[in-house]
Amino acid sequence: MLSLLGFNDKNLIPIDERFNTSVTVRGENVYIKGIVEEVEAVEKVFKEMAYVLNTTNTLKTADVETIIDLTVLGREIISEKEYDNIILYTKKDVIKAKTPTQIKYIESVKKNDICFAVGPAGTGKTYLAVAFAVASLKKGSVRKIVLARPAVEAGESLGFLPGDFKEKVDPYLKPLYDSLQDMIPAEQLKGYIEKEIIEIVPLAYMRGRTLNNSFVILDEAQNSTSLQMEMFLTRLGPNSKAIITGDVTQIDLPHNTKSGLVQVQQILRGVDGVSFIYFDREDVVRHKLVKDIIFAYEEYNKENGKG
């Protein structure tokens, strides 16, 4: 925010001079008051400012003046369509949809309280889900983020593993920590976790809870049982959203145990407020070889009767 506003809020001066609006900054939120047309224009100026800062790592007062000139003339640095694809601004990057399916994913999460994202690794399912949650927390839309994962390899009991609770579960939850560390400064993230504003827990520890005003994510949901999936979905309280991600080709459950993610697609399809988004290898946004690797494994499994 300091970089956005400039030293002593210097970047706000051109906005105050050019628009009859009142701009108030509280923490990471900007509040704009005025007539509708001017508020919309100033909102656009701030979006452009954030985009320039996050893509160039610098924002000067002269840049703000240029942005205002372009906005007044009805021109754009980034198109309105691209704005719709942006989920979160961070110090390192602008997190936004990069593929047609990711765009559908964004639209689906905005419209529905429960969204299932199903597809192979590397398609951005979990990373974008965490970005949605962080953006919602920053906007004040929710008060809490809860991230859960089945700890299948540990049998969900975790009792036989050495160390305290955190040491036992951290290896299974590290991918979620990694995503959060990309999006929230280290000290702030530490504070959120200590105050339980952000919780990262094994799926088994969700039992018996009701989550109000929360953004809840279940990752690696293909490794949840049918009962666990039902338990997770019924934790949702008022003013809460849930995203469930998983890859049905990577199920690690015992052979005779049905995946909750496979079953739920039959049970909840057509339920209002619940959506399913399906990714494929064309949506992979990791190293370019990942698509080829996924394709090679798909072909191998087909040839060997595993597809």
Check your understanding: Which ones in the range 273-296 are surrounded by fewer than 16 Cβ atoms within 10 Å (Cβ to Cβ) and more than 22 Å from the chain's Cα centre (by Cα)?
Key -> LYS288, LEU289, ASP292, PHE295, ALA296
Revision key, fill the gap. Here the residues within the range 227-263 that are open to solvent by less than 40 Å² (accessible area, probe 1.4 Å) and part of a strand (DSSP E or B) are ALA242, ILE243, ILE244, THR245, GLY246, SER259
Revision key, fill the gap. ALA97 passes all but one of the listed conditions (1) more than 30 Å from VAL248 (Cα to Cα); (2) open to solvent by less than 20 Å² (accessible area, probe 1.4 Å); (3) free of Cβ contacts under 8 Å to residues at least 40 places away in the same chain; the exception is number (1)
Check your understanding: Is it the case that the range 216-226 has a residue that's among the β-branched types (Val, Ile, Thr), part of a loop (DSSP other than H, G, I, E, B) and crowded, with 19+ Cβ neighbours inside 10 Å?
Key -> no
Review point. Can you spot a residue in the range 163-177 that is modelled with pLDDT of 90 or more, open to solvent by 10 Å² or more (accessible area, probe 1.4 Å) and either in contact with a Ser or Thr (Cβ under 8 Å, 6 or more places away or on another chain) or part of a helix (DSSP H, G or I) (or both)?
Key: no
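So, in the range 1-38, exactly how many residues are assigned to a helix (DSSP H, G or I), farther than 20 Å from ILE86 by Cα and open to solvent by 30 Å² or more (accessible area, probe 1.4 Å)?
So the count comes out to 12.
Just for strands (runs of 3 or more DSSP E) wholly inside the range 54-151: which have at least 2 residues that are within 19 Å of LEU211 (Cα to Cα)? Break it down stepwise before answering.
On the way: elements: 86-89, 94-96, 114-118, 144-149.
In the range 54-151, 114-118, 144-149 are the strands (runs of 3 or more DSSP E) which contain 2 or more residues that are within 19 Å of LEU211 (Cα to Cα).
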Review point. Of all residues in the range 119-134, how many are touching a residue at least 60 places away in the same chain (Cβ under 8 Å), under 8 Å from the mean Cα position of the chain (by Cα) and closer than 17 Å to ASN85 by Cβ?
Key: 3
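Each row is one residue, and each column tells you yes or no for (1) modelled with pLDDT of 90 or more; (2) more than 24 Å from THR101 (Cβ to Cβ).
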site	(1), (2)
LEU203	no, yes
ARG207	no, yes
VAL216	yes, no
SER240	yes, yes
PRO254	no, yes
VAL262	yes, no
GLN265	yes, no
ASP283	no, no
**Study point:** Cβ pairs under 7 Å, 6+ apart, first in the range 208-223 and free of Cβ contacts under 8 Å to residues at least 60 places away in the same chain and of a type outside the set (Val, Ile, Thr), second surrounded by fewer than 24 Cβ atoms within 10 Å (Cβ to Cβ) and assigned to a strand (DSSP E or B)
**Key:** GLN222/SER259
Check your understanding: List the pairs whose first member sits in the range 1-28 and is in contact (Cβ under 8 Å) with a residue 40 or more places away in the chain, whose second member is acidic (Asp, Glu) and surrounded by 17 or more Cβ atoms within 10 Å (Cβ to Cβ), and whose Cβ atoms are under 9 Å apart, counting only residues at least 6 apart or on separate chains?
Key -> ASN11/ASP63
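The values are calculated or read from the model by the stated rules, or taken from the named source; none is laboratory data. The structure displayed is predicted, hence computed values, not measured ones. As a convention, Cβ positions derive from the backbone with ideal geometry for all residues, glycine included, and neighbour counts pool all protein chains shown. All accessible areas refer to the heavy atoms of the entire protein, side chains included, with ligands and DNA or RNA removed. Shrake-Rupley method; radii C 1.70, N 1.55, O 1.52, S 1.80 Å.
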